[in-house]
Amino acid sequence: MNNLDPFIACVPVGCGLVAVASRQLNGRGRAGNTWLSPPGCMMLTMHILTQTGTPLGDAVYSAAKDVLPAIPESGASYPAVSVANILTTLPAVSVAKLINFYLREHTGAIEDYRSVRVKWPNDIFYSNTKVGGVLVDLRAERQGHSLKIHAYVGIGVNVTNQKPTLNLNDVITDFNTANSTNIPLLSIEYVAARVASEVELLLDMYDRDYSLYLAEYEKYWMHSGEVVDVKTEDSEIKGVSVAGVDKFGYLKLLKEDGATLTVPPEGYSYNICDKIVKPKP
């Protein structure tokens with residue numbers, strides 16, 4: 001994803017950089033998993049620049065500092081490393097919001113359509129089936145007393161492809177069938193443009209008031225009211241209630257005795273079938 005590096009210096013200050021691919025040969029997910037990218041899959045990488053001293057920059061660095069290499073002296077940097085953090089959640093929320101907006105726009109409805117949901121920390125689901133995911137690589141460099149953080153946010157979403165699972169157009173088709181409507185199917189170009197625009201709005205929302213963003217995230221996620229078991233390397237806690245996420249993207253859990261437990265997105269997964277939060281293998 002960090003193949004964008006050679007182009008970053010050419011982009012005017014204050015402008016973003018987005019790359020959209022029609023084919024991908026080596027798609028990857030978290031923990032080295034393979035992401036299949038057949039034709040019809042929207043594949044997009046965004047370069048997001050932030051820095052410590054800002055709400056977003058501080059949250060990203062705080063969540064990632066334990067897995068990032070030592071930061072070199074000013075003017076130097078290191079290769080990007082894959083780290084799950086709060087940025088992992090933004091594109092997933094943007095896809096869920098896109099579908100809601102699209103259906104409301106074509107029906108004139110006031111109520112929200114939340115058929116597409118976000119699975120913590122980085123997956124996009126429809127009808128209990130994964131249709132997309134997000135991967136974030138980070139690279140940092142010193143800039144005076146602060147750190148400039150380059151985030152390469154990769155998004156893969158099934159839009160028109162029928163394999164290997166469902167796609168976003170299945171949402172539209174199912175809605176048309178259930179409601180006797182004739183809403184046009186989505187195009188990859190429309191999804192890419194809407195996702196990029198929505199991510200920009202969510203970034204601004206987070207920096208203005210991260211609590212507003214967390215409320216938006218939890219509005220579209222699929223874990224409200226769930227009770228799970230939590231496994232760590234040396235213990236297991238049963239019957240823990242899911243309470244939300246914090247500003248770093250950590251999963252907030254409430255134990256039976258009222259104590260709060262947080263689980264980092266990096267290195268952990270949420271098994272929605274077995275209702276278990278555990279380290280990734």
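The one condition from (1) assigned to a helix (DSSP H, G or I); (2) in contact with a Leu (Cβ under 8 Å, 6 or more places away or on another chain); (3) at pLDDT 95 or above that residue 176 does not meet is (2). Any residue at all in the range 23-44 that's open to solvent by 80 Å² or more (accessible area, probe 1.4 Å), at pLDDT 80 or above and either β-branched (Val, Ile, Thr) or in contact with a strand residue (DSSP E or B) (Cβ under 8 Å, 6 or more places away or on another chain) (or both)? No: zero hits. Residues in the range 139-173 that are open to solvent by less than 30 Å² (accessible area, probe 1.4 Å) and in a loop (DSSP other than H, G, I, E, B): 159, 161, 167.
For the residues 228, 263, 242, the requirement of being touching a Lys or Arg at 6+ places or on another chain (Cβ under 6 Å) and surrounded by 16 or more Cβ atoms within 10 Å (Cβ to Cβ) singles out 228. Annotation: of all residues in the range 198-212 being closer than 26 Å to residue 19 by Cβ and touching a residue at least 40 places away in the same chain (Cβ under 8 Å), the one that is surrounded by the most Cβ atoms within 10 Å (Cβ to Cβ) is 206. Considering only residues in the range 62-111 that are within 18 Å of residue 267 (Cβ to Cβ) and modelled with pLDDT of 90 or more, the one that is surrounded by the most Cβ atoms within 10 Å (Cβ to Cβ) turns out to be 87. For the range 180-192, filtering for residues that are over 12 Å from residue 91 (Cα atoms) and open to solvent by less than 80 Å² (accessible area, probe 1.4 Å) leaves 7.
Pairing residues of the range 256-278 that are free of Cβ contacts under 8 Å to residues at least 40 places away in the same chain with residues that are open to solvent by less than 40 Å² (accessible area, probe 1.4 Å) and of a type in the set (Ser, Thr, Tyr), at Cβ distances under 9 Å and at least 6 apart in sequence or on separate chains, gives 263/270. Residue count for the range 231-269 satisfying the condition of being aromatic (Phe, Trp, Tyr) and at pLDDT 95 or above: 0.
The residue that is most open to solvent (accessible area, probe 1.4 Å), among those in the range 213-225 that are touching a strand residue (DSSP E or B) at 6+ places or on another chain (Cβ under 7 Å) and part of a helix (DSSP H, G or I), is 218. Exactly one residue among 104, 117 is of a type in the set (D, E, K, R) and assigned to a strand (DSSP E or B), and that residue is 117.
The values are calculated or read from the model by the stated rules, or taken from the named source; none is laboratory data. Keep in mind that what you see is a predicted model, and the values were worked out from it rather than measured. Positions of Cβ are generated from backbone atoms using ideal geometry, with glycine treated the same way; all protein chains shown enter the neighbour counts. Areas reflect the complete protein model, heavy atoms only, side chains present, ligands, DNA and RNA absent. Shrake-Rupley method; radii C 1.70, N 1.55, O 1.52, S 1.80 Å.
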